[in-house]
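> The following block contains the structure, expressed as structure tokens.
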Amino acid sequence: MTGQPRLAVALGDGGDPALARRLAASLSLPLLSQPGDDLELLLLVDAAGPALRPLGPGASGPVRCRFDDAALRHRRRGGHNEAIGRALAVGRTPGARIIDGTGGFARDAFVLADLGAEVTVCERQPVLAALLAEALAAAAGADDPWLREVAGRLQLVAADVRTLPAETLAAADALYLDPMFPLGGKRAASGKAMTVLQYLLDDDETSAGGLVEWALAQPVRRVVVKRPRRAPPLGGRRPSHSLPGRAVRFDVYPNPDHDKTQRE
Ligand SMILES: C[S@@+](CC[C@H](N)C(=O)[O-])C[C@H]1O[C@@H](n2cnc3c(N)ncnc32)[C@H](O)[C@@H]1O
């Protein structure tokens, strides 16, 4: 998807009108009662909260950003075997501080927080950042104590990860990147959520390669990059090792100079 998607906010059945107005105002989007033919994507506010709903023939159903869904609870059951946790060495350091530089729907960040990490989640796309803020607020006020506790370990920064202060990066145990996979690649098979992201994002392998170059130059202990299982390493940078996940792998780049840099 290139250029800005044609996007508007709409109020659906049982939706909170104040939330719809707030999202429309903060994102400078029109609030429509009837979606027109010229739209590609709706930010729909219905009884279940906000959702992104692609429009047009063959479009998928709505995608929600929320942390109380069955898929995340299912992932939780296998959680302590998750390759992502091992790649980021989350289990080894109690309260490990992770920066997730590519927040998206923060599903990976949530898994890391569930494993005990304190996660700073950066998301630069304003619509996604707004959905994440709503999802975090809902989880923080949920009845379920587990959800509240995990949400309490997630902190959202609605900005480009490259704007984080150097001290924040230096204090982190690891920086995690999950840039969009190439269109039509493995990511296409990875579900509705990533398909919807493609409406909103212009990211490509070149910009993702630039992001990894930036990450590897930061004063952070370790960088981990999620890749499709058979894809070449991002930016042609060979990792020290990789951990296979189900359909993906995690490329690990330790920074041997980190502690030295801190002492200088
Ligand atoms: C593939 S998605 C990440 C999915 C995420 N791991 C999850 O579990 O839901 C990539 C996200 O990174 C964001 N992104 C890409 N480059 C970024 C940057 N430099 N700073 C902050 N966010 C960025 C994009 O806007 C997009 O939402």
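> Can you pull out the helices (runs of 4 or more DSSP H) entirely within region 34-142 that have at least 3 residues that are modelled with pLDDT of 95 or more, surrounded by fewer than 22 Cβ atoms within 10 Å (Cβ to Cβ) and touching a Ser or Thr at 6+ places or on another chain (Cβ under 8 Å)? Step through it out loud before you land on a result.
Details: elements: 70-77, 83-87, 107-114, 126-140.
No helices (runs of 4 or more DSSP H) qualify here.
> Check D251, D257, D203 and return the single one that is modelled with pLDDT under 90 and farther than 30 Å from G58 by Cα. Quick ask: steps written out before the conclusion?
Numbers: D251 fails: modelled with pLDDT under 90; D203 fails: farther than 30 Å from G58 by Cα.
Matching residue, one of D251, D257, D203: D257.
> Which pairs do you get when a residue that is of a type in the set (K, R), found in region 241-256, comes within reach of a residue that is assigned to a strand (DSSP E or B), reach meaning Cβ atoms under 7 angstrom, with the pair 6+ apart or on two chains?
R249/R227; R249/S242; R249/L243
> Please enumerate the residues belonging to region 198-218 that are open to solvent by 60 Å² or more (accessible area, probe 1.4 Å) and assigned to a helix (DSSP H, G or I). Can you show your working first?
Initially, region 198-218 is screened for residues open to solvent by 60 Å² or more (accessible area, probe 1.4 Å), giving 202-206, 213, 217.
Residues satisfying the conditions are E205, T206, E213.
> While we're here: Restricting to region 158-168, what's the tally of residues that are under 24 Å from P254 (Cα atoms), open to solvent by less than 60 Å² (accessible area, probe 1.4 Å) and within 13 Å of the ligand (Cβ to nearest atom)?
Residues meeting the conditions: 3.
> Kindly establish whether V212 is in contact (Cβ under 8 Å) with a residue 40 or more places away in the chain and either on the phi > 0 side of the Ramachandran plot or in the same structural domain as V90 (by TED's automatic domain parsing) (or both). First the steps, then the outcome.
Working: in contact (Cβ under 8 Å) with a residue 40 or more places away in the chain: no; either on the phi > 0 side of the Ramachandran plot or in the same structural domain as V90 (by TED's automatic domain parsing) (or both): yes.
Taking the combined requirement at face value, the residue does not satisfy it.
> Go through (1) surrounded by 14 or more Cβ atoms within 10 Å (Cβ to Cβ); (2) outside any strand (DSSP E or B); (3) not β-branched (V, I, T) one by one and return the number of the condition R246 breaks.
Failed condition: (1).
The values are calculated or read from the model by the stated rules, or taken from the named source; none is laboratory data. Keep in mind it's a predicted model, so treat the numbers as computed, not measured. For neighbour counting, all protein chains shown are included, and Cβ atoms are generated from backbone atoms with ideal geometry for every residue, glycine included. Just so you know, the surface numbers come from the protein's heavy atoms only, side chains and all, with ligands and any DNA or RNA stripped out. Shrake-Rupley method; radii C 1.70, N 1.55, O 1.52, S 1.80 Å.
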